[in-house]
Amino acid sequence: MPSLSRPTSPSSTSTLQRITTSQLRPGMFLVRILDSWWKSPFFVHRRLLKSPTEVQQLMSSGIREVEIDVSLGVEISSEAESGFDEAASPSEVTDRPIVSCDHDDLATIEQAPVALGQESAHDPELQSEESKTREEVVQLREAAVAAVEGAFDGVKTGHPISQPAIHGAAQALVQKSLAHPGLVAEILLIDSLKLFNKTLYAHVVDTAVYSILVGLQLGWDEGKLERVGVAGLLHDVGYMRLPQNVVKAHWEGRNDAVLLQKHVLMGETLIKRQPQFTADIVRMVREHHAYQDGSGYPEGQGGALLSKSGQLLGIVDYFDELITVGGTSGALPAALAIRRMYQEAQKGKFSTSFIEAMIRTLGVYPVGTVVQLSTGEQAVVMKQHPEMGLKPQVKIFLSADGTMLDAPQVCDLARDSNLGHDVSIARVLEPTEYSFDLQGFVIS
């Protein structure tokens with residue numbers, strides 16, 4: 001189970017400044033990019049910008065804003081504040097095409113028609129809109145985590161669950177998921193990679209959002225999605241009535257699971273006390289650890305009598321724990337977690353149709369998956385193509401001869417396939433098969 005505590009920030013915000021890429025200069029210390037992480041031209045984002053070439057790479061990537069730490073590097077000069085750039089003007093940068101992979105015929109790539117939903121790749125206006133939406137999703141998730149934390153803390157002191165806060169958060173998450181399902185899924189996956197120890201509050205929010213996204217894929221109506229969202233936000237509220245030292249000890253492998261399993265019935269009891277929470281929400285919470293093959297708990301809750309929404313909540317809760325907590329060997333990459341769940345579904349534990357809907361939602365190779373290409377190179381999946389699930393956009397960090405690249409190379413497998421360059425994903429790599437800090441790679 002995730003921790004109850006919040007992770008601490010690695011650096012003080014008093015020395016952080018948000019600037020445009022046109023204001024960057026060599027000697028500045030880059031903390032993070034304020035845009036989609038797959039646009040970054042670097043392997044690790046936290047770095048000292050040592051040369052004009054590195055600055056130019058950031059400007060050419062399409063990233064508009066970054067955050068720097070002035071305590072670790074130079075501050076913004078008066079020339080930078082005025083937007084003056086000796087290297088290149090913004091128009092020269094944004095109009096320049098980004099080349100995917102190292103092909104012989106670059107002219108063919110530059111002249112090739114844009115396809116597969118990539119129209120925004122070089123459109124500054126659409127890029128700006130995507131960045132704005134991305135920030136809105138991040139802020140909404142943070143607000144939902146805060147709402148859950150407040151509601152759960154109230155339960156600890158004997159107060160009723162804040163129904164307006166929980167319903168309001170669920171409704172907002174549904175609306176954003178309906179408008180931007182792919183972006184919401186991407187942000188959740190990236191956040192899971194960033195955190196070694198996700199908080200309980202973040203876990204329940206992410207379980208709610210994944211449930212909404214998969215329910216959307218299944219064609220569920222907005223009302224049902226909102227109820228699933230509420231149940232997702234509340235499914236672990238029973239932990240607030242257990243001794244926290246017992247909870248912590250169990251997840252460190254030092255305690256019997258019997259007491260911990262009582263969080264399901266305790267949560268159900270808490271929710272039933274408030275008639276604003278409908279019977280189907282109560283049922284979903286009761287069923288979220290019971291599985292289709294009759295396994296799980298409470299005893300007797302699984303099997304054919306499980307509700308569809310209860311099954312979905314249980315599947316998503318199981319998935320989020322696999323990718324953030326895992327077992328004795330640690331958290332699993334999302335692609336391997338889905339593979340494991342698909343195998344368990346074939347044995348009857350889960351509904352295969354629900355697992356397939358999850359795959360359609362997150363992709364065959366979810367964002368953040370480390371893969372080996374057919375060329376022998378190793379790469380990280382950066383962006384999905386819904387129309388070509390086996391051909392995502394990746395960032396290559398290791399050459400075929402095992403050499404770590406100084407500057408990772410973006411490769412769009414879908415576009416390259418259309419151009420006749422048949423590079424594919426050969427297999428998903430286990431965490432023990434690559435020797436770099438994925439967390440450091442994705443922090444943005």
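The values are calculated or read from the model by the stated rules, or taken from the named source; none is laboratory data. As the structure is a prediction and not an experimental result, all values here were calculated from the model. When we count neighbours, we look across all protein chains shown, and the Cβ atoms used for this are built from the backbone with ideal geometry, even at glycine.
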Within the stretch 288-347, the count of residues that are under 23 Å from GLN372 (Cα atoms) and either touching a Pro at 6+ places or on another chain (Cβ under 9 Å) or aliphatic (A, V, I, L, M) (or both) comes to 14
Restricting to the stretch 397-417, what's the tally of residues that are surrounded by fewer than 21 Cβ atoms within 10 Å (Cβ to Cβ), acidic (Asp, Glu) and either at pLDDT 85 or above or more than 21 Å from SER60 (Cα to Cα) (or both)? 1
Pick from VAL367, VAL381, VAL394: which is on the phi < 0 side of the Ramachandran plot, part of a loop (DSSP other than H, G, I, E, B) and buried (at least 23 other Cβ atoms within 10 Å of the Cβ)? VAL367
Spot the failing condition for GLN384; the list is (1) closer than 30 Å to TYR291 by Cβ; (2) outside the structural domain of LEU313 (by TED's automatic domain parsing); (3) free of Cβ contacts under 8 Å to residues at least 60 places away in the same chain, and only one is missed. (3)
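What's the total number of residues in the stretch 121-165 that are part of a helix (DSSP H, G or I), of a type in the set (Gly, Ala, Ser) and at pLDDT 90 or above?
8
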Restricted to the stretch 199-249, and to residues that are within 14 Å of GLN175 (Cα to Cα) and over 22 Å from the mean Cα position of the chain (by Cα), which residue is surrounded by the most Cβ atoms within 10 Å (Cβ to Cβ)? ARG227
For the stretch 273-319, the count of residues that are over 18 Å from LEU260 (Cα atoms) and either in contact (Cβ under 8 Å) with a residue 40 or more places away in the chain or in a helix (DSSP H, G or I) (or both) equals 22
What's the total number of residues in the stretch 263-279 that are surrounded by fewer than 16 Cβ atoms within 10 Å (Cβ to Cβ) and either touching a strand residue (DSSP E or B) at 6+ places or on another chain (Cβ under 6 Å) or among the charged types (D, E, K, R) (or both)? 2
Only one of THR199, THR157, THR133 is of a type outside the set (A, V, I, L, M) and touching a His at 6+ places or on another chain (Cβ under 9 Å); which? THR133
Give the residue that is modelled with the lowest pLDDT, with candidates limited to residues of the stretch 328-368 that are more than 26 Å from LEU306 (Cβ to Cβ) and in contact with a Gly (Cβ under 9 Å, 6 or more places away or on another chain). THR328
Only one of these conditions is not met by GLY296: (1) surrounded by 14 or more Cβ atoms within 10 Å (Cβ to Cβ); (2) over 30 Å from the mean Cα position of the chain (by Cα); (3) farther than 15 Å from ALA231 by Cβ. Which number is it? (2)
Between a first residue in the stretch 158-181 that is assigned by TED's automatic domain parsing to the domain that holds THR278 and over 13 Å from ARG227 (Cβ atoms) and a second residue that is basic (Lys, Arg) and surrounded by fewer than 16 Cβ atoms within 10 Å (Cβ to Cβ), which pairs have beta carbons less than 9 Å apart while being 6 or more apart in sequence or on different chains? PRO160/ARG273; ILE161/ARG273
